[in-house]
Amino acid sequence: MATLLRGEIPVILQPAGKAQYTGAFCPPGVPFAEVRRGPFDGKRDIVVRPDADGGLPQHMTFGGGRVVYEYDGRDTQGRAVYRYAPRLSPSHPEVMRGVAEVYAQHALKQTRRNP
């Protein structure tokens, strides 16, 4: 965990919730559960600093803005929870096409093993 300075709030990054993944791109043959997974899920070494009115940033971006996480309240430990936002992440369709390719290769290998 990161060392907190005065006023900073610890953050945890989580998979997308229904509000974030509804309507997100999911190629055929890929379980929709894959859409929820973000590349930084579980990361805990991040902090945010509230603005003057105590509010937290609505979005956090990574990878030059290609991966977006959306604020979703606080957990029982007082951490700010940010959830992966596939609909807002420019890299999401490209990543999902890669996931689809892996699933297709796996299905092909299974067919070859069990003719």
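The values are calculated or read from the model by the stated rules, or taken from the named source; none is laboratory data. None of these values were measured; they are calculated from a predicted model. Virtual Cβ from ideal backbone geometry, glycine too; neighbours counted across all protein chains shown. To get the accessible areas, we keep the full protein, side chains included, count just its heavy atoms, and leave off ligands, DNA and RNA. Shrake-Rupley method; radii C 1.70, N 1.55, O 1.52, S 1.80 Å.
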Can you give the net charge of the other residues whose Cβ lies under 13 Å from the Cβ of PRO27, counting K and R as +1 and D and E as -1? -2
Quick check on the chain: helices-only [θ] at 222 nm, where DSSP H runs of length 4 and up contribute -39,500 (n - 2.57) each and the sum goes over total residues. Nearest 500, please. -7500 deg cm²/dmol
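Hey, what did region 1-55 get for relative contact order, percent, Cα under 8 Å, at least 6 apart?
The normalised contact order for region 1-55 reaches 55 percent.
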Charge tally in the Cβ shell below 14 Å around PRO10, where Lys, Arg are +1 and Asp, Glu are -1, PRO10 excluded: +3
Per-residue HN-Hα couplings for region 6-20, Karplus 6.51 cos²θ - 1.76 cosθ + 1.60 at θ = phi - 60°, whole Hz, x for Gly and Pro? 3, x, 7, 10, x, 10, 10, 9, 10, x, 4, x, 4, 4, 8
accessible surface per residue for the chain, probe 1.4 Å, DNA/RNA/ligands not counted, whole Å² -> 63
Counting only DSSP beta bridges with both residues in the chain, tell me the antiparallel percent, nearest 5. 75
Among the Cα-Cα pairs of the chain, the proportion with separation greater than 20 Å, in percent, is 48
Per DSSP, loop trypsin sites (Lys or Arg not before Pro) in region 32-74 with at most 12 further Cβ within 10 Å: ARG44
Connecting every pair of Cα atoms under 10 Å apart in the chain and solving the GNM, the largest mean-square fluctuation among VAL30, VAL11, VAL67 falls on VAL30
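I'd like the carbon and sulfur percentage of the solvent accessible area for region 1-103, probe radius 1.4 Å, heavy atoms only, ligands and nucleic acids excluded.
Carbon and sulfur together cover 54 percent of it.
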Normalised by the number of residues in the chain, what is the relative contact order in percent for Cα pairs under 8 Å and 6+ residues apart? 32
Rounding to the nearest 10 and keeping the result within 0 to 90°, find how far the Cα-based axis of helix 92-113 lies from the longest principal axis of the chain. 30
